[in-house]
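The values are calculated or read from the model by the stated rules, or taken from the named source; none is laboratory data. This is a predicted model, so every value here is computed, not measured. Cβ sites come from the backbone with ideal geometry, for glycine too, and all protein chains shown count toward neighbours.
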Amino acid sequence: MAGITGKDQVLTNYAKQLETLDAPKGRSLTQDAVRRLRRNKAAVLSIFVVLFIILFAFVGPYFLPWTYDKIDWSGIRKPPNFEAGHYAGTDQNGRDMLARIMQGTQMSLIVAMVATLVSVIIGVIYGAVAGYFGGKVDAVMMRFVDIMYALPYILFVIILVVIFGRNPVLLFVGIGCLEWLTMARIVRGQTLSLKEREFVEAAKAGGAKPWTIIMRHIVPNLTGPVVIYATLTIPEIILTESFLSYLGLGVQEPQTSLGTLISFGAPVAETLPWMLIGPAVVLVSLLLCLTYIGDGLRDALDPKDR
Amino acid sequence: MKFTQTLTAVATAGAMALLMSTAASAVTLNMMNGSEPGSIDPHKASGDWENRIIGDYIEGLMAEDANAEAIPGQAESYTISDDGLVYTFKLRDGIQWSDGEPVTAEDFVFAFQRLFNPATASEYAYLQFPIVNGSEIADGSVTDFNELGVKALDDKTVEITLEGPTPFFLQALTHYTAYPVPKHLIDKVGDQWTNVDNIVSNGPYSIKEWVPGSYIKSVKSETYWDAAKVQIDEVNYFVQDDLSAALSRYRAGEYDILTDIPSDQAEWIKTNLPGQDYFAPFLGIYYYVINQEKPPFDNPDVRKALSMAINRDVIGPDVLGTGELPMYGWVPEGTANYEGVAVYQPEWIGLSYEERVAEAKTIMEGLGYTASTPLQVQLKYNTNDNHQRIAVAISSMWEQIGVKTELFNSETAVHYDALRVGDFQIGRAGWLLDYSDPSNTLDLLRTGIAQGGETNWGNNYGRYSNPEFDSLMEQATKEQDLAARAALLGQAEKLAMDEYAAIPIYNYIAQNVVAPSVTGFVNNAADIHRTRWLTKTE
Amino acid sequence: MFGYAARRVLSALPVALIAVTACFFILRLAPGGPFDGERALPPQTLANLRAYYNLDLPLIQQYFIYVWGLVRGDFGPSMVYNDFTVSQMLAIGLPFTLMLGFTAFVIGTVVGLLAGSLSALYQNKLPDYVLVLLVMIGLVVPNFLIGSILQLVFGVYLGWFPAGGWQNGSIAHLVLPVTVLVLPHAGRTARLMRGSMIEVLGTNYVRTARSKGLGTRLILARHAIKPALLPVVSYLGPGLSYLLTGSLVVEQIFALPGIGRYFISAALNRDYGLVLGTTILYMFIILAVNLLVDIIYAWLDPKVRYN
């Protein structure tokens, strides 16, 4: 669900600060930031864990004897059995759990990536336009964001998914549409301060169109906040997707995602614990680490000297 | 806010103490009833969860015993004319509604008229279409309700006339569509009669409370003619869709009866709650329907191959875990009025599974479908864990014979919409028998009826059409002799099944879990267990 | 002050109307209707049902009938629950959801504020690390998972609390559901409070106070809390929104008679009236709370000099 990690408010504060500050100075800030990040042990450890999980999800399947959709008729609902090659047991259809966990992680990561991309694109463009044009346009656009912020978006997403069927593309887009609001706010803040800079004035004097200025000069300077935002958004998206899966509206058979796996495993946790433990451990570690990394990045890229 | 919270806490504590003291003496049954009832008006209900509630507070001419067989209910006795067309019922003395008004024959006449009245828009009115002019009134071709074949000869005598001899009619009368409704109350308050403040009952229980989303509470009715034999004082029908949460609450002692279980837990329940599992087959078929208007599915050999490749023996025990029995025919075993007809089995029943797969594979190869050039098939089913598992299992079974399956699921409403308009290749469907008679399932395979330039296929989603089948069914409706009728129906079944009109998969199993403190719960083919036959010891 | 409030209300109304309209039309254009079930209805019955619910009228006309009904407080009939109108169902479920939501909201906010402040005061020391870890775990574990586990452990195994249901008012029945809702909310609030508090503690204002030897940390905490509260307060509006979303799941698992349960099953059954009704109610609750929060913020703000 949007805002689950409180990133919205955290980042909105950040956005307000950015408005009154000079724009980031370029490379030296990055080096500075990387140094600060390295000092944050939790963040560094988290980066390694996340990389490991990504490897696990995308490379792991090549090392397994079973694919995620192959049914083992002799092993339905069985606990981990190393001889049969089912290192994490089988599910109710007789499919290998480890393979499914890997596939689920892949799917969750992909959903998160695509949804984040969608929300970044919408958010950046929306925020940059509002910030650049300022005045009435800005006021109206931001007012819209303020109000949208408060509405129970998830209800609309549920309605949309229910209506238009289990289209995976719709799923990504729908979830992405939940998250663009905060990005828009941050980008707007950054744009407001950026547009007063000399290079923007120069571009204007040279006769460049507003659109070109926005895309060529302003957007590239937004990398810092965007990266932080993206890292903090991914956990929320994965949780939203798992919520939808619990309701039966998420990723469809034979594909699966971490959320779907957990929603199938939770009811049978007593009788078939291996169906829950694996996916839950992966999900929780992934989200924890991403949150630590996001926090670390925010601390590292903080414009205020401490 | 904190002060009101404390106040509420104190108030509720006090209320609870009071409740505890008064509740101690009443025997209460707590039943998990599944979904929220849409309506408890017998003319507007449609699900088994509503049936459980309605059948406890209203009684029809005929009632069900613990085995769900028809026994005299509000009627004390009945006679049937020689031609099987006229049923005359004599009502008991002293039967009344819970507000004191007597139950009269007029109530029954009124009820049937209301059932067929197009304005009521009752979904299940068709169950009583055997009654003369029933269907004509429902579709508006007859507007004078007095032409309906239900008459009150006097206050205590009801006479029903049928279109043709109907051996299952007495059973059909136990269905809630045949229940009486309180004419005096409906005349006064119309459709609001089911409001808890207004509602009356003529059955063993009366509705006391209804909290939507939570429960309905019924209490024993002292005005019921057989009240002396009713043991349980109060029954709560709880709403709960989340089955594993329901099981948790059962284990915590909050429910006495579960009417459905999460199927993964079936084994666990049998092992850890011995004697409390009441799993028994009941009259319902689970099948895949194939759209015969779309090639290559119009080729019976393709359908044969698909059917042969399904290993029905593993579906119940392994895939579902509840042990459903495989089904090859169209009439569930144990259906009444089918004596003398052997259970249908296809010609290849003797082959082992491997042999069947080999033969199916050969058929498909002969038609040009191999592993490298598979037949692409889309399988539709409505969203549900079990349907999904079965679909996954079957699609992997079909892979062996050169068929590649794409799975597609949607909500029940959308799914059946698609089936109805023929927007599918293979679809999952299920049918729970409304009454115990082979015609109930065989009717599903009849050719559609021409209506206004189009054909209305009704529930025959696959659009199977065989004039010989239709004529056999026609003949059966006119046949009075039960044995001859059964033979005709048996021929029809064999005809349709040999041509693979649809692919039956298994026989439904009722899955109830009943606490040891409850006795009188008997497994029966209709899965109907009226509370009046149950007792509970604390 | 009053003008500010009035302006906020007015600006929210058009958005609400747009959302309701969008909802209405999207639902109606969806495939599948409320009367498609396992059995094909005889055409006459279907026609009767559709006529009864005004489904034959042109869509625009249905829309206006609906909005006119809304203005008068009538949400129309439910197409699946024949014995109740939508207004009746909402009236029964709403107080429950509100009570559940607000109880969790209040408890969660208080716990979150405490945890966040403590964390900030002991920044980068052991209590901070422990609290942060706990908070994180409360945030990243899906609520349906927490709910199922709590139900199993406390409801079935230990038997301390009822595993579900709502027997007409009993605190015991609320404990587990409220806990599930409180955890993520307290987590979010704690995170915010910690960040905000750390910032305030690092400002010149507070440094000056400290250098003046201004008493113990507690005194500082009291001075620091009000300014630190501001960002948290402005988050409360969306916070309630996420809480109510979480209540959808909680009501399902614990079988509670709130409006969240209606929403899901209504959406799946295409019960247009009920879906619209619950969505509108949720929107109004959130808009109302947001309004309140905005007003509180505006009231708090003048007191803060240095920001």
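Listing for the model above:
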{"read-out": "For C:Ile259: the one exception among (1) surrounded by fewer than 24 Cβ atoms within 10 Å (Cβ to Cβ); (2) closer than 19 Å to B:Gln240 by Cα", "value": "(1)"}
{"read-out": "Any pair with Cβ under 8 angstrom, 6 or more apart, that starts in the stretch A:165-186 at a residue that is more than 19 Å from A:Ile125 (Cα to Cα) and ends at one that is part of a loop (DSSP other than H, G, I, E, B) and aliphatic (A, V, I, L, M)", "value": "A:Arg166/A:Leu249; A:Pro168/A:Val251; A:Leu171/A:Val251"}
{"read-out": "Set C:Pro142, C:Pro177: member being buried (at least 17 other Cβ atoms within 10 Å of the Cβ), more than 10 Å from chain A (Cβ to nearest Cβ) and modelled with pLDDT of 85 or more", "value": "C:Pro177"}
{"read-out": "Any hit, the stretch A:104-114, residues being small (Gly, Ala, Ser), out of contact with any Ser or Thr (no Cβ under 6 Å at 6 or more places or on another chain) and part of a helix (DSSP H, G or I)", "value": "yes"}
{"read-out": "Residues of the stretch B:129-159 classified as away from every other protein chain (no Cβ under 14 Å) and not in a loop (DSSP other than H, G, I, E, B), total", "value": "12"}
{"read-out": "Filter result for B:Lys294 (surrounded by fewer than 21 Cβ atoms within 10 Å (Cβ to Cβ), touching a Phe, Trp or Tyr at 6+ places or on another chain (Cβ under 9 Å) and part of a helix (DSSP H, G or I))", "value": "no"}
{"read-out": "Check on B:Phe424, within 14 Å of chain C (Cβ to nearest Cβ), in contact (Cβ under 8 Å) with a residue 12 or more places away in the chain and either surrounded by fewer than 21 Cβ atoms within 10 Å (Cβ to Cβ) or farther than 30 Å from C:Ile264 by Cβ (or both)", "value": "no"}
{"read-out": "Total residues in the stretch B:34-54, condition surrounded by 22 or more Cβ atoms within 10 Å (Cβ to Cβ) and more than 17 Å from B:Ser122 (Cα to Cα)", "value": "3"}
{"read-out": "Of the criteria (1) modelled with pLDDT under 85; (2) more than 15 Å from B:Ala178 (Cα to Cα), which one B:Asp99 fails", "value": "(1)"}
{"read-out": "Residues that are touching an Asp or Glu at 6+ places or on another chain (Cβ under 7 Å) and basic (Lys, Arg), drawn from the stretch B:113-171", "value": "B:Lys151"}
{"read-out": "Residue within the stretch C:283-290 that is touching a Phe, Trp or Tyr at 6+ places or on another chain (Cβ under 9 Å) and either surrounded by fewer than 16 Cβ atoms within 10 Å (Cβ to Cβ) or modelled with pLDDT of 80 or more (or both) present", "value": "no"}
{"read-out": "Candidates B:Pro165, B:Pro130, B:Pro180, filtered to the one that is surrounded by 18 or more Cβ atoms within 10 Å (Cβ to Cβ) and modelled with pLDDT of 90 or more", "value": "B:Pro180"}
{"read-out": "Residue list for the stretch B:265-291, restricted to those being surrounded by 14 or more Cβ atoms within 10 Å (Cβ to Cβ) and away from every other protein chain (no Cβ under 14 Å)", "value": "B:Gln276, B:Asp277, B:Tyr278, B:Phe279, B:Ala280, B:Pro281, B:Phe282, B:Leu283, B:Tyr288, B:Ile290, B:Asn291"}
{"read-out": "Search result, residues across the stretch C:265-281 that are at the interface with chain B (Cβ under 9 Å from one of its Cβ atoms) and surrounded by fewer than 24 Cβ atoms within 10 Å (Cβ to Cβ)", "value": "C:Ser265, C:Leu268"}
{"read-out": "Candidate set: the stretch C:180-203, residues that are more than 11 Å from every other protein chain (Cβ to nearest Cβ) and more than 18 Å from the chain's Cα centre (by Cα); chosen: the one surrounded by the fewest Cβ atoms within 10 Å (Cβ to Cβ)", "value": "C:Leu201"}
{"read-out": "Selection from the stretch B:258-288 of residues that are in contact with a Leu (Cβ under 7 Å, 6 or more places away or on another chain) and over 21 Å from A:Ala269 (Cα atoms)", "value": "B:Pro281, B:Leu283, B:Gly284"}
{"read-out": "Options A:Val157, A:Val118: the member that is touching a residue at least 12 places away in the same chain (Cβ under 8 Å), in contact with a Gly (Cβ under 6 Å, 6 or more places away or on another chain) and farther than 21 Å from A:Tyr229 by Cα", "value": "A:Val157"}
{"read-out": "Residue in the stretch A:249-278 that is surrounded by the most Cβ atoms within 10 Å (Cβ to Cβ), counting only those that are away from chain B (no Cβ under 13 Å), in a helix (DSSP H, G or I) and under 18 Å from the mean Cα position of the chain (by Cα)", "value": "A:Leu258"}
{"read-out": "One residue from B:Gly462, B:Gly458 being assigned to a loop (DSSP other than H, G, I, E, B) and closer than 26 Å to B:Ile315 by Cα", "value": "B:Gly462"}
{"read-out": "Among residues of the stretch C:56-98, those that are hydrophobic (A, V, I, L, M, F, W, C) and touching a residue at least 40 places away in the same chain (Cβ under 8 Å), counted", "value": "12"}
{"read-out": "Matching residues in the stretch B:492-529 - criterion: being touching a Lys or Arg at 6+ places or on another chain (Cβ under 6 Å), surrounded by fewer than 22 Cβ atoms within 10 Å (Cβ to Cβ) and under 19 Å from B:Ile394 (Cα atoms)", "value": "none"}
{"read-out": "Exclusive hit being touching a strand residue (DSSP E or B) at 6+ places or on another chain (Cβ under 7 Å) and within 21 Å of C:Gly258 (Cβ to Cβ), set C:Thr109, C:Thr103, C:Thr85, C:Thr97", "value": "C:Thr85"}
{"read-out": "Residue that is farthest from B:Pro262 (Cα to Cα), among those in the stretch B:379-399 that are more than 28 Å from the chain's Cα centre (by Cα) and in contact (Cβ under 8 Å) with a residue 40 or more places away in the chain", "value": "B:Trp398"}
{"read-out": "Qualifying residue in the stretch B:388-401 (condition: at pLDDT 85 or above and not in a helix (DSSP H, G or I))", "value": "yes"}
